[in-house]
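Colleague: Take this structure first; my questions come after.
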Amino acid sequence: GETSIGQQQRTALARAIVARPAALLADEPTSHQDAGSAALVWRALDAACAEGTACLVATHDESAALHADRVWRIEDGHVLG
């Protein structure tokens, strides 16, 4: 009860990454982050991917595309590659 939602998000991401999973699904990982914390989140996800974790990120944050190898968009219920 004494931590912010952003702190809780970062903690959950750290717990997921430290386990070195084969795949990681992140749903809106920067939704409750300020710009500086969001940059830390993207660096952590980039590092996890560089170490072999497949990362799938669902987000409305357009800046996520800068970190992606592939981007799919969903418009009117259709997946656009």
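The values are calculated or read from the model by the stated rules, or taken from the named source; none is laboratory data. The structure presented is a predicted model; accordingly, all values stated were derived computationally and were not measured. Heads up, the Cβs are rebuilt from the backbone with ideal geometry, glycines too, and the neighbour counts pull from every protein chain shown. Protein only, heavy atoms only, side chains kept; ligands, DNA and RNA dropped before computing areas. Shrake-Rupley method; radii C 1.70, N 1.55, O 1.52, S 1.80 Å.
Colleague: Would you please name the residue that is most open to solvent (accessible area, probe 1.4 Å), looking only at residues in segment 52-66 that are in contact with a strand residue (DSSP E or B) (Cβ under 9 Å, 6 or more places away or on another chain) and part of a loop (DSSP other than H, G, I, E, B)?
Modeller: T59
Colleague: Select from segment 33-51 the residues that are assigned to a loop (DSSP other than H, G, I, E, B) and open to solvent by less than 60 Å² (accessible area, probe 1.4 Å) and list them in ascending order.
Modeller: Within segment 33-51, Q33 is the sole residue that qualifies.
Colleague: Also: Please find, among D34, D46, D61, D69, the residue that is over 23 Å from I5 (Cα atoms) and charged (D, E, K, R).
Modeller: Matching residue, one of D34, D46, D61, D69: D69.
Colleague: Residues A64, A23: which one is modelled with pLDDT of 95 or more and under 14 Å from the mean Cα position of the chain (by Cα)?
Modeller: Every option except A23 fails the conditions.
Colleague: Further question on the same structure: Suppose we keep only residues that are open to solvent by less than 90 Å² (accessible area, probe 1.4 Å) and assigned to a loop (DSSP other than H, G, I, E, B) within segment 17-32. Which one would you say is nearest to G81 (Cα to Cα)?
Modeller: This residue is E28.
Colleague: If we keep just the residues of segment 67-77 that are hydrophobic (A, V, I, L, M, F, W, C) and over 11 Å from the mean Cα position of the chain (by Cα), which is surrounded by the most Cβ atoms within 10 Å (Cβ to Cβ)?
Modeller: V71
Colleague: Could you grab the pairs with beta carbons closer than 6 Å, sequence gap of 6+ or different chains, first residue in segment 39-62 and within 17 Å of P21 (Cα to Cα), second one open to solvent by 90 Å² or more (accessible area, probe 1.4 Å) and modelled with pLDDT of 95 or more?
Modeller: Pairs that qualify, where the first residue is within 17 Å of P21 (Cα to Cα) and the partner is open to solvent by 90 Å² or more (accessible area, probe 1.4 Å) and modelled with pLDDT of 95 or more, are L56/L25.
Colleague: Quick check, is T3 surrounded by 11 or more Cβ atoms within 10 Å (Cβ to Cβ) and hydroxyl-bearing (S, T, Y)?
Modeller: Taking the combined requirement at face value, the residue does not satisfy it.
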